[in-house]
Amino acid sequence: MPDFDYDLFIIGAGSGGVRAARTAAAAGARVAVAEDRYLGGTCVNVGCVPKKLYSYAAHFHDAFEDASGFGWQLPGAPTLDWATLRDNKSGEIKRLNDIYGRLLDTAGVRLINGRARVVDAHHVEVAGERISAAKILVAVGGWPWVPDFPGSEHTVTSNEVFDLEQFPKRFLVLGGGYIAVEFASIFNGLGSDAHLVYRGELFLRGFDREVREFTRDQMATKGVNLHFETNIERIEPGDGSLMVTLTNGETLEVDAVLSATGRKPHLLGLGLSELGVELNTDGTLKVNERFETSVPSILALGDVTGGPELTPVALAEAMHLVQQHFSDTSARPLDYQNIATAVFCHPNIGTVGVSEEQAREKYGAIRVFRTDFRPMKHTLSGSQERCLMKLIVDDESDVVVGAHMVGEEAGELIQGIAIAVRAGLTKADFDATVGIHPTGAEEFVTMRTPSRT
Ligand SMILES: Cc1cc2nc3c(=O)[nH]c(=O)nc-3n(C[C@H](O)[C@H](O)[C@H](O)COP(=O)(O)OP(=O)(O)OC[C@H]3O[C@@H](n4cnc5c(N)ncnc54)[C@H](O)[C@@H]3O)c2cc1C
């Protein structure tokens, strides 16, 4: 075995890279990691963390409105100080960056600040050094992709939106994926006149149809202006604002436009195309169950491989990869079935397993149990917000194959249900579970009559 500088060289200290570095070092490997931007990657700096903090901030809007029905008198109309939110968020991220640095340090991982490039199957170049490694892990994540249209240079992406200098009183999001939907809700809640423009007939493609329609109606009720089956034709800067012309002829004057139109793997200048590393048709890196690319000493995980683009997936992949390559080479591959996910639009979506549409294709016969109701809290708050809960059952086996919710804290609730769905529990198991009263969650164990088959 040739003598390498490191057993594992990781490019990218994001969700997957940091977890792989720490667990590989704990397994006794000599590890170095290169990072050219920020410790913790997308999730910590410009993804999950700031987004959730802003979502919390946005929820106060409803909370202030709901409070009066419970007897609370507010001294005046609450107002948002954007700079306080933005700067407190930045302080928290700085704290997390430091924690990540310390975690790598105490694990004995060498951190190199710089943009790394792969030279060959066992060498990388970074910060003027040429370093050899038995295995190279590409954990470089993705980068926002903005479509080309006249004036597209006036849009911001999720990389910049958290740090806008001024709060956008009029805000437009272009896109129909979960990030677009979340930001439309967040800025609406923070007080913007928020618009979402999407070329398709309905956002959140791939999610359960009823969930999508219910979310559309709830978001519209909360005041988000939804523009489907149209696109941005052009953006022209006005007097401190942006004039957006849509392909349906409508014109909107706004203060900021967020392009939430997808992400592409962050592979530019990395040197992998020169090595002939194979790609999937969508441009992501092709890997096998052991996270090996077509050059077996070069591994890859996380968003750059095009699996579900979620932090817990990158973390799980990192732990599997380290097990498979450094501790237990016979470890079983990662199971990608039944990964739960949340969309932090308002109200939130939580989902696990298959949608009703997927279930109809996959199983011969299904039973659908669904309920939508006004949560108890809103009997006094006066809010029109409703909650949707839905279970999809494979009729033959009685196994619950999908659970979906749109409502307050849906992500928190579905995480627990996900254990039951992953464990393959049956509707009879759900029925035998005594509920917790009074909660909304008890509906998941009290829906007795199928709404449709
Ligand atoms: C707005 C937004 C919201 C999101 N919300 C959620 C959420 O709520 N829940 C969830 O689970 N997921 C969420 N995600 C997705 C999540 O952030 C990603 O799935 C996750 O960060 C992927 O981890 P990764 O390790 O693959 O890459 P990343 O975390 O992106 O890390 C890659 C790192 O590599 C570095 N890098 C790139 N190239 C080089 C190079 N050549 N040399 C050195 N360093 C390099 C980058 O600077 C970066 O730090 C969100 C994403 C976005 C954009």
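Here are some notes:
- Debye, to nearest 20: dipole size of region 177-254, +1 on Lys, Arg Cβ, -1 on Asp, Glu Cβ: 240 debye
- Highest mean packing first, where packing is the average number of other Cβ atoms within 10 Å per residue, the peptides 391-401, 357-367 line up as 391-401, 357-367.
- Near the amide H of Thr261, within less than 5 Å, lie the amide hydrogens of Trp145, all on another chain or at least 5 residues away, with H placed in the peptide plane.
- Full extension of the chain between Leu279 and Thr446 gives 55.4 nm of extra length, using 0.36 nm per residue less the Cα-Cα distance.
- Placing dummy labels 7 Å off each Cα toward the beta-carbon, the span from Ala127 to Glu160 is 2.9 nm.
- Antiparallel content of DSSP bridges confined to the chain, in %, to 5: 60 percent
- Our summary gives region 67-212 a relative contact order of 14 percent, counting only alpha carbon pairs under 8 angstrom and 6 or more residues apart.
- The calculated pair-distance distribution of region 152-261 uses every alpha carbon pair, bins of 10 angstrom beginning at 0, and gives 15, 52, 29, 4, 0 percent.
- Computed FRET value (nearest 0.05) for Ile99 with Gln358, which takes r as the C-beta separation and R₀ as 41 Å: 0.60
- Here the gap between Met243 and Ala63, fully extended at 0.36 nm per residue and compared with their Cα-Cα distance, gives a gain of 61.5 nm.
- Of the beta bridges in region 152-261, as assigned by DSSP with both residues counted there, near 40 percent are antiparallel.
- Dipole of region 152-261 [Lys/Arg +1, Asp/Glu -1 at C-beta], most positive-end residue of Leu164, Ser241, Leu190: Leu190
- The chain, relative contact order [Cα under 8 Å, separation at least 6], %: 15 percent
- The magnitude of the dipole of the chain, with charges of +1 and -1 set on the Cβ of Lys/Arg and Asp/Glu and taken from the Cα centre, is near 620 debye.
- When the Cα positions of Thr230, Gln324, Gly175 are compared along the charge dipole of the chain, Gln324 comes out farthest toward the positive end, with charges on each C-beta of Lys, Arg, Asp and Glu.
- The residue among Val393, Pro375, Gly364 whose Cα reaches farthest toward the positive pole of the charge dipole of region 341-445, with charges on the beta-carbon of Lys, Arg, Asp and Glu, is Pro375.
- Listed values for region 10-17 are Karplus-derived 3J(HN,Hα) couplings in whole Hz (6.51 cos²θ - 1.76 cosθ + 1.60, θ = phi - 60°), namely 10, 9, x, 9, x, 3, x, x, and x replaces Gly and Pro.
- Length added when fully stretched, Ala220-Ala27, from 0.36 nm per residue minus Cα-Cα: 64.4 nm
- 3J(HN,Hα) couplings calculated from phi for region 319-324 with the Karplus curve 6.51 cos²θ - 1.76 cosθ + 1.60 (θ = phi - 60°) are, in sequence order, 5, 5, 4, 5, 4, 5 Hz; Gly and Pro show x.
- Overall form of the chain per C-alpha gyration tensor (a/c, 1.5; a/b vs b/c): oblate
- Per residue, the chain exposes an accessible area of 46 Å² to a 1.4 Å probe, with every protein chain left in place.
- Alpha-carbon centroid distance for the pair region 213-284 / region 357-376, whole angstrom: 31 Å
- Note: relative contact order over region 296-346, using C-alpha pairs below 8 Å and six or more positions apart, is 22 percent.
- Once the convex hull of all Cα atoms in region 257-380 is built, its volume per residue stands at 199 Å³.
The values are calculated or read from the model by the stated rules, or taken from the named source; none is laboratory data. Not measured: the values here are computed from a predicted model. Backbone-built Cβ (ideal geometry, glycine too); neighbour counts: all protein chains shown. To get the accessible areas, we keep the full protein, side chains included, count just its heavy atoms, and leave off ligands, DNA and RNA. Shrake-Rupley method; radii C 1.70, N 1.55, O 1.52, S 1.80 Å.
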